[in-house]
Amino acid sequence: MRLIIKKLLNLIGGDHFSEKIYIRFFQLKESIQYQFLYPLILNIPGLKTIYFIFSKAFNYEVAMFIAARKDYIYKKNNNTENLFLLRRNIHRIEKGLLMKNRRSIFALDYIEDTTILYKKIISLNSQNDQLNWAHDILEKYFSVTDSHPTIDKAKNIFTNIENRASRQVEFTPYSLSNENKDNSFEEFKKLAHKRKSVRFFTNEQLPERSLIDKAITVAGLAPSSCNRQPFMFRVIDDPQLAKKTSNLAGGTTGFADHIPAIIAVIGQMNVSPSIGDRHLMYIDASLASMNLMLALESMNIGSCPLNWPEDKTKDKQMAELLSLQKFERPIMLIAYGYPEKNSMLACSVRKPLEQLRQYN
Ligand SMILES: Cc1cc2nc3c(=O)[nH]c(=O)nc-3n(C[C@H](O)[C@H](O)[C@H](O)COP(=O)(O)O)c2cc1C
């Protein structure tokens, strides 16, 4: 829209004229918005809805939410592999198990569905920690809860699942006292200071994939709402694809050619059917991304988060480039590689403590 107005003005009166009118026009627009329009919208019930009938600003997010909900309902009703739901429900049961005054009957509204889902998923997958955890939590649940028609039915389904290979590990709630209590603040502070956004990388050597995998495993340890982890990391270390991806990011002007590899942090909105949960993927993916960048830094691999603002055209290009589903989108990109020797870093002085925190 801005571009069209600018071009029209340019045609009418040339460069200087168009620049002047253009600035005045947007000053006037902002002043009308600030003084009249926004106070009205904020204070008159119903106006918000009317205002956004005329704006397409949220269409993209709405379309994504609908695609996510469609996928969620499909998976739920067709009892297919919904690992998000399994992790969520197992985690809910796990929380029930660790409560101080544990109830003898709980999780009635989802224990049967969860057991059926578990049965389905293990029939499609080989044994892994995630599924062993689900198994151990269900086993513990059935061993501590009282008899109830719903629980008994689910227990019957569970005990009739074919025996799995025996194993040592137990993934059930454990006591905090077993944890190492080392005070590692100074070490952590050093790492947090050392991590800086690196924008120039050497093209001579790319960090080995095994190191990236190690960092991503640590990234996955970040907290996530109900343990759902609505994100994944797409590591782009193919030079051609990395070049295309970094050129798509708006904030790489001046250093896109110095990025040898990039990680696209992909949010997955189909993790929940609730509209109130639509921000989970942004929050959880960002927490994991911070872990990732610190883990990379601990191995002397530099990184730079890159903004991925909502932009219909670019989102479409990226979705095609990475074959993303309709309910997936990049949360941010992370350029990575070994830093170029003696390249410059920004100071980026931070907010002082008094601007950063307020008690109560
Ligand atoms: C979500 C996010 C998006 C960012 N996008 C860009 C970007 O597009 N281009 C860029 O050069 N830096 C980008 N940065 C890096 C910030 O400029 C940088 O983190 C900030 O100035 C603090 O500096 P430091 O990371 O070196 O400590 C981004 C950072 C974050 C967290």
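Could you grab me the full set of residues in the range 211-254 that are part of a loop (DSSP other than H, G, I, E, B), within 21 Å of Asp315 (Cα to Cα) and either within 16 Å of the ligand (Cβ to nearest atom) or in contact with a Ser or Thr (Cβ under 6 Å, 6 or more places away or on another chain) (or both)?
Correct list: Ala249, Thr253.
Take the conditions hydrophobic (A, V, I, L, M, F, W, C), away from the ligand (no atom under 16 Å from the Cβ) and not assigned by TED's automatic domain parsing to the domain that holds Val265 and apply them to Phe188. Does it pass?
Judged against the criteria, Phe188 is not a match.
Of everything in the range 50-75, what is touching a residue at least 24 places away in the same chain (Cβ under 8 Å) and out of contact with any Phe, Trp or Tyr (no Cβ under 9 Å at 6 or more places or on another chain)? Give them in sequence order.
Matches in the range 50-75: Tyr60, Glu61, Ala63, Ile73.
How many residues are out of contact with any Leu (no Cβ under 9 Å at 6 or more places or on another chain) and under 13 Å from Phe201 (Cβ atoms) if we restrict to the range 320-341?
Qualifying residue count, the range 320-341: 2.
Search the range 316-333 for residues that are in contact (Cβ under 8 Å) with a residue 12 or more places away in the chain and pair each with any residue that is of a type in the set (S, T, N, Q) when their beta-carbon atoms are under 7 Å apart and the residues are at least 6 apart or on different chains.
Taking only residues 6 or more apart or on different chains, the pairs are Leu321/Thr245; Phe327/Gln268; Phe327/Asn270; Glu328/Gln268; Ile331/Ser286; Met332/Ser289; Met332/Asn307; Leu333/Thr245.
Could you tell me which numbered condition Gln358 fails, if it satisfies all but one of (1) touching a strand residue (DSSP E or B) at 6+ places or on another chain (Cβ under 7 Å); (2) under 30 Å from Leu191 (Cβ atoms)?
Gln358 satisfies every listed condition except (1).
Table: residues versus (1) at pLDDT 95 or above; (2) under 20 Å from His279 (Cβ atoms).
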residue: Ile50; (1), (2): no, no
residue: Asn59; (1), (2): no, yes
residue: Phe84; (1), (2): no, yes
residue: Asn101; (1), (2): no, no
residue: Glu112; (1), (2): yes, no
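Residue check: is Arg357 of a type outside the set (A, V, I, L, M, F, W, C), over 30 Å from Gln205 (Cβ atoms) and away from the ligand (no atom under 13 Å from the Cβ)?
Spelling it out, Arg357 is indeed of a type outside the set (A, V, I, L, M, F, W, C), over 30 Å from Gln205 (Cβ atoms) and away from the ligand (no atom under 13 Å from the Cβ).
Given (1) within 16 Å of the ligand (Cβ to nearest atom); (2) under 23 Å from the mean Cα position of the chain (by Cα); (3) hydroxyl-bearing (Ser, Thr, Tyr), identify the lone condition not met by Ser323.
The failed condition is (1).
How do the pairs read when you match residues in the range 184-196 that are closer than 16 Å to Arg350 by Cα and touching a residue at least 12 places away in the same chain (Cβ under 8 Å) with residues anywhere that are within 9 Å of the ligand (Cβ to nearest atom) and aliphatic (A, V, I, L, M), using Cβ under 9 Å and keeping only pairs 6 or more apart or on different chains?
From the range 184-196, the pairs are Arg195/Met293; Lys196/Leu345; Lys196/Ala346.
Filter the range 255-286 for residues that are within 13 Å of the ligand (Cβ to nearest atom), under 22 Å from Ala63 (Cα atoms), assigned to a helix (DSSP H, G or I) and not small (Gly, Ala, Ser) and give the result.
Tyr282, Ile283
Can you go through Pro330, Pro309, Pro305 and tell me which one is near the ligand (Cβ under 10 Å from one of its atoms), within 25 Å of Glu208 (Cβ to Cβ) and outside any helix (DSSP H, G or I)?
Pro305
For the range 203-240, which positions are more than 25 Å from Asp257 (Cβ to Cβ) and crowded, with 17+ Cβ neighbours inside 10 Å?
Ile216, Ala219, Ala222, Ser224, Ser225, Cys226, Asn227, Arg228, Gln229, Pro230, Phe231
So, of the residues in the range 294-311 that are more than 19 Å from the chain's Cα centre (by Cα) and not aliphatic (A, V, I, L, M), which turns out to be nearest to Ala249 (Cα to Cα)?
By that ranking, first place goes to Gly302.
The values are calculated or read from the model by the stated rules, or taken from the named source; none is laboratory data. Not measured: the values here are computed from a predicted model. With ideal geometry, Cβ positions are generated from the backbone for all residues, glycine too; neighbour counts draw on all protein chains shown.
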